[in-house]
Amino acid sequence: MEKKDIDWSSLGFGYMKTDKRYVSNYKDGAWDNGVLTDDDQVTISECACVLQYAQTCFEGLKAYTTEDGKIVCFRPDLNAARMSDTCKRLEMPVFPEDRFVQAVVDTVKANAAYVPPFGSGATLYIRPYMFGSDAIIGVKPANEYQFRVFTTPVGPYFKGGAKPITIRVTDFDRAAPHGTGHIKAGLNYAMSLHAIVDAHNQGYAENMYLDAATRTKVEETGGANFLFVTKDGTVVTPKSDSILPSITRRSLMYVAEHILGMKVEHREVYFDEVKDFAECGLCGTAAVISPVGKIVDHGKEICLPSGMDEMGPVTKKLYDTLTGIQMGRMEAPEGWIKVIE
Ligand code: PLP
Ligand code: COI
């Protein structure tokens, strides 16, 4: 199969229309068979529940070309399971998890010409999503839904790729206790837009959100979990019921403990501790592991000892191991890699 003529190495994290997308409709209590289509447009009622009450959720995962030329994706079953959890919390019908994985496989296969080549620095981002599509005016869930999957080739989420970024502690809250922070609801991102625009305007790449109840504990950023490394080499990730259970973070913790033999801790992390860490990174599908060099708290700078030039050594080891597994350079734990073709 011939690849599209795309300058892969200059891609940022943006949308590019690819050839095919998957669509399945839910009506009268059942999902239809679903199809791949060329049509990238969505036509819905002006009163669709998604437009009035933001009844929408999504997932994000990637397809990679391995060194030996296969196309694979990483742990799509976990994205399927997380979307089920999200749907239950948003009163949306679950799209069966085996069908979710198959829809991802079919969509990637149909867009194989857009999967960036091995070593190009780019990947194919896969975006499954669902929304309430019929007219709803009283506050209640929709009766009809659409589940779709599109793909788009992407480069690094943060400009500069692996260069450390500067973030700030924000006064805005991302998620309330007992709210929706632990699921991938569109509404979590809508409410973060003002905070991210404001952060960008002030020269910061992202926001560090603290817990809404006490503002003493580290939660996450708008689109990634935190990962810290202590001065004695322990990998620490924040635990909270209001952050998204990142598949990348869970995978990295496994890699750190079981492949690299490191000590790991998944626990509450107080903001006061951050100044004592040796390294900090943001982890997620889009972010992979993006190193953080500086955290600004209302004018007070916390400069991580790993500096602003490159990733710290532990972050780098984790990054190399994770991407090594994803790109087929290293053996993956059982069930982590789904071969597409
Ligand atoms: N946290 C938030 C708020 C996110 O949007 C994402 C992205 O999906 C993540 C964390 C990272 O999760 P994952 O590693 O499953 O992509
Ligand atoms: C992802 O990493 O897949 C996400 O959904 C993060 C998003 C903010 C781009």
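Based on the Kirkwood radius over alpha-carbon pairs, what is the Stokes-Einstein translational diffusion coefficient of region 8-154 at 25 °C with 0.890 mPa s viscosity, in µm²/s? So the translational diffusion coefficient is about 154 µm²/s.
Shape descriptor for the chain: Rg over Rh equals 0.96 (Cα atoms; Rh from the Kirkwood inverse mean 1/r). Simple rule: put +1 on each Lys or Arg Cβ and -1 on each Asp or Glu Cβ in the chain, find the dipole, and look at Gln202, Gly186, Met130; the Cα lying farthest toward the positive end is Gln202. Summing Cβ point charges (Lys, Arg +1; Asp, Glu -1) relative to the Cα centre of the chain gives a dipole of roughly 200 debye. Measuring between their Cα centroids, region 189-236 and region 1-64 lie 28 Å from each other. Ignoring any ligand, DNA or RNA, what whole percent of the accessible area of the chain comes from carbon and sulfur when the probe is 1.4 angstrom? C and S atoms contribute 50 percent here.
Straight-line cross-link reach from Lys300 at under 26 Å between alpha-carbon atoms covers these lysines, not counting any fewer than eight positions away in the same chain: Lys159, Lys163, Lys217, Lys231, Lys239, Lys275. Using a probe of 1.4 Å on the protein chains alone, the accessible area found for Trp336 is around 10 Å². Take region 20-116 with all the other protein chains still there, run a 1.4 Å probe, and you get 43 Å² of accessible area per residue. Ligands, DNA and RNA excluded, the heavy atoms of Arg215 present near 80 Å² of accessible surface to a 1.4 Å solvent probe. Ordering Ile289, Ser251, Leu318 by Cα displacement along the dipole of region 165-326 toward the positive end leaves Ser251 in first place; charges were set at the Cβ atoms of Lys, Arg (+1) and Asp, Glu (-1).
Positive end of the dipole of the chain (Cβ unit charges, origin at the Cα centre): among Pro164, Pro141, Asn33, the Cα lying farthest that way belongs to Pro164.
Across region 165-326, the convex hull enclosing all Cα atoms gives 104 Å³ per residue. Shape call for region 70-163 from the C-alpha gyration tensor, a ≥ b ≥ c root eigenvalues: rounded (a/c under 1.5), prolate (a/b greater than b/c) or oblate? Taking the square roots of the gyration eigenvalues as a ≥ b ≥ c, region 70-163 is prolate. Averaged per residue, region 165-326 has 41 square angstrom of accessible surface, using a 1.4 angstrom probe with ligands and nucleic acids left out. Normalising by residue count, region 101-235 has a Cα convex hull of 196 Å³ per residue.
The values are calculated or read from the model by the stated rules, or taken from the named source; none is laboratory data. Quick caveat, the model's predicted, so the values are computed rather than measured. Ideal geometry is used to build each Cβ from the backbone, glycine not excepted, and the neighbour counts take in all protein chains shown. Just the protein is used for accessible areas: all its heavy atoms, side chains included, with ligands, DNA and RNA removed. Shrake-Rupley method; radii C 1.70, N 1.55, O 1.52, S 1.80 Å.
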